[in-house]
1. So what does A:VAL540 come to for accessible area, using a 1.4 Å probe and Å² rounded to 10?
2. What net charge is computed for the residues neighbouring A:LEU421, neighbours being all others with C-beta under 13 Å from the C-beta of A:LEU421, Lys and Arg scored +1, Asp and Glu -1?
3. Does any residue of the range B:52-94 lose at least 30 Å² of accessible area with all protein chains in place compared with its chain alone, and if so which ones (probe 1.4 Å)?
4. Once amide H atoms are placed 1.01 Å from N in the peptide plane, what residues at a sequence separation of 5 or more from B:HIS191, or on another chain, have their amide H within under 5 Å of its amide H?
5. How much net charge surrounds A:PRO565 when only other residues with a Cβ under 12 Å from its Cβ are counted (Lys, Arg +1; Asp, Glu -1)?
6. In the range A:377-534, carbon and sulfur make up what percent of the accessible area (probe 1.4 Å)?
7. Go ahead and run the numbers for FRET between A:LEU30 and A:ILE516, Cβ-Cβ distance against an R0 of 35 Å, rounding to 0.05.
8. So what are the ³J(HN,Hα) numbers for the range A:320-326, from phi and the Karplus equation (6.51, -1.76, 1.60; θ = phi - 60°), rounded to whole Hz, Gly and Pro as x?
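The values are calculated or read from the model by the stated rules, or taken from the named source; none is laboratory data. Just so you know, these numbers come straight off a predicted model, no measurement behind them. So basically every Cβ, Gly included, is an ideal-geometry build from the backbone, and we count neighbours across all protein chains shown. The area values use the complete protein model at the heavy-atom level, side chains included, leaving out ligands, DNA and RNA. Shrake-Rupley method; radii C 1.70, N 1.55, O 1.52, S 1.80 Å.
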Amino acid sequence: MLIASLYIIVCSAKNRIRSRLRRLREPRYLVGAVAAVVYFYLTIFVRMRSPGGGRSRRTRQPPPEISLAALRAAGPSLVGLGLFVMMVLGWLFPGKSGLLEFTESEVQFLFPAPVTRRSLIIHRLLRSQLGLLFAAIVPALVFPSGSPASRAKFAVSMWIILVTMRVHFTGITLARASLLLRDADGRRRQWIAPAVIAGAVAVVATTIVRAFVLHPATDVGDFLNRFGEVVMSGAPRVILWPFVALARPLFAAWPGPFLSALALAIAVLALNVVWVLRSDDALQEITAQIEAQRDVPAVRSRVAPRTLAAGWTLSLHGRPELLFMWKSAMEMVRGVNAVSLLRWGGAAVGISVSLTSALLSATHSRGSAAALGLLALAIAGFATLLGPQIARNDLREDLLHLELLKTWPVRASALIRGEMLGPAAVLTGCAWLALLCALPLSAAAFTTRSLPMRVSVALALAILAPAIIVAQLTVHNAAAIVFPGWVPLGTQRPRGLDAMGQRLILFGGVIIALWIMLAPPAVAAGLVWFAFQGLLGPAVLVPAALVGTVLVGVEVLLATEALGPMYERIDLSAVERAD
Amino acid sequence: MPIPIRVEQLRRRFGAFTAVDDLSFDVSAAEIVGLIGPNGAGKTTTLRSLAGILRPTSGQVLIDGHDIVSDPIEAKRRLAFMPDEPHLFEYLTVDEHLRLTARLYSVNDFDNRAKALLEELELTGKQRSLPGELSRGMRQKVVIACGLIRDASVLLFDEPLTGLDPIGIRRMRATIIARARAGAAVLVSSHLLHLVEEICSRVIIMDRGRKIADGTFAELAMRADLAAADSNLEQIFMHVTGHDDETPHV
């Protein structure tokens, strides 16, 4: 089986490289590859080859020596604790390990073959190595270091950590499933492991909190020094030992300390591999579950939708645009669940909190009302400026259904507008809601601004928000129509240097197109503001925003009409090839 | 009265590869025509070009007299395409797929039609199911139901029996015949030669993108070069595609 695994890996890699080289014959892929190579050259190799290598920044602004030394000493403990937290999360919030996601062809060819389950796991383990190696090498190239040896050391250490964590998460998945399989008490016994983990968490957390609550750190150096001491003594030392052992090669000096640390890390990895290979009895059960989730076409690696009554029955008559809005609403209601909310909500909260901090700092505001007001403003900004990148349930997703859409007797321009209507409505709703919350709290955040000014700004932002959202959606959908092979459709993430270059070019193109689209409305709005400012005072912002929004609306209408014939000409093979 | 399906010198290329070349044929109202050929003959490309999914590289496709390229809305309003691979929206239920189709094609009397069709295709009780909860055969039935819920004058079937159980196959056969009797022009692509022989009044055989035979079974059997085929479609097919020396070994 080992030979067969290596044969599959080598042949697949060889053929993948060959097909990617072959597609460079097409100008769009060639241009993409050139762009990616230039990007890598400028961001990595030029920096590496410049005098002082990656240390140029450090020479400009040297950090305090004590912090660096302390960081180096406390590094294994800090990274070890991070790995421990990841392991805890893996047990508490179990998912399906990527290592067990056998491809359909692997299931069809290898599962009926006379090979053991352990061989199948080893096959997947071997197959994942190329990706993990890549994931370890890229940060090593970016890593600010002068010597190639330290980059190699970093890459090897990272690789060991990544492989061990991947194997460990596989072990968690298998262990939980095998407990359920064994007997009727499995469901009860599956809580034993989380209970042990919870105990370990309690010991580590109590020790750390007690050490720092009773005697708060005076500075970063003090924190790092004491953190290392706390974690590396008593019970936490025993609990965290395997995690610290994994992290130690990252910080160990070459050659003696690094090699001995590496040997211990490899021992931890080996223990994990043995554990996983001994928990193989639940392999088929897990694979069947993953297969069942994958059985829904075009929803791979996404959560399967559930039937939920959306309270909106499609009328049998009306404009086609509304039909697409209904379709989008159904997708949103049924496709969104706790996991996706956590994923996107987490990003939204993170960015909004960062924006809020920046706004608080810029306005010198204090107090919870000011913070909440600015947070609401940040959320409105997030929905308006970044929402169209995230809410992709328009043509960017629906081009996957192009074969079906093309048979529909609907004008292409109406279809394009309809596809954008759903995400535009949701994002506008979010922005308006956030602005509605921000307005009453704005007095605390913007203390020097008068009420008419604040109301005018809020109204102007509410009028502009849908225009900015729809303008962005138009540009994104135009890109999907004009370059269907360049836009990642649905959950696709095309790989390869050329695909990465295409994304870079596309990102730049979208930004430029958006500026071009928004420039005339901005100028018109500015003229209105200039002409009537004296007459209307702060209220001039409202008509100025109205003029800008109307102009964007006209541009969107013209753009979708112009995109219609292009949509009709989209070659199905161009879309399918992007997969 | 325009001919429901008229294909004139259709050519479709994918880069340097010509999938369909110089293809011309008509399908009249109430006629069922079988489109057969070996793998890679260009059958699916032809059907996709007729349905407006693929744009012809050259040539013309007229549906009820409407050009599929220059007058796509009117042409598409009159045709129903049922592909071999069921493409459904994963977040719409069976009932919602039918309702969506009814709105797109302005179907009157939707409720009664949907009820009858769901019963006919044994989908009763699955109205609130999402595609992910259905078997492949069931999904195929949903696609067929969406095609049949309207009175299309042109029906295009690409391997219509894929994934169906024996009862479904029998009902599908009867449905196709009934639609043709009601006046629809039907083009069926299939590798199941016995199905084609049973329901089609005429057959078009394609090979390497070109039409190599076109006619009723009797006409094909009477052709001098096919006389030895003895009017059996399988033998005609083997002979026309140059495989008549291949005899099955049992």
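1. It works out to around 0 Å².
2. -2
3. B:ILE53, B:ARG55, B:ILE73, B:LYS76, B:HIS87, B:PHE89, B:GLU90, B:TYR91, B:LEU92
4. Residues meeting the criterion, in which the H sits 1.01 Å from N, do not exist here.
5. Counting the neighbours of A:PRO565, the net charge comes to +1.
6. Within the range A:377-534, the accessible surface is 78 percent carbon and sulfur.
7. The pair A:LEU30/A:ILE516 has a calculated efficiency of 0.85.
8. x, 4, 5, 4, 5, 5, 4
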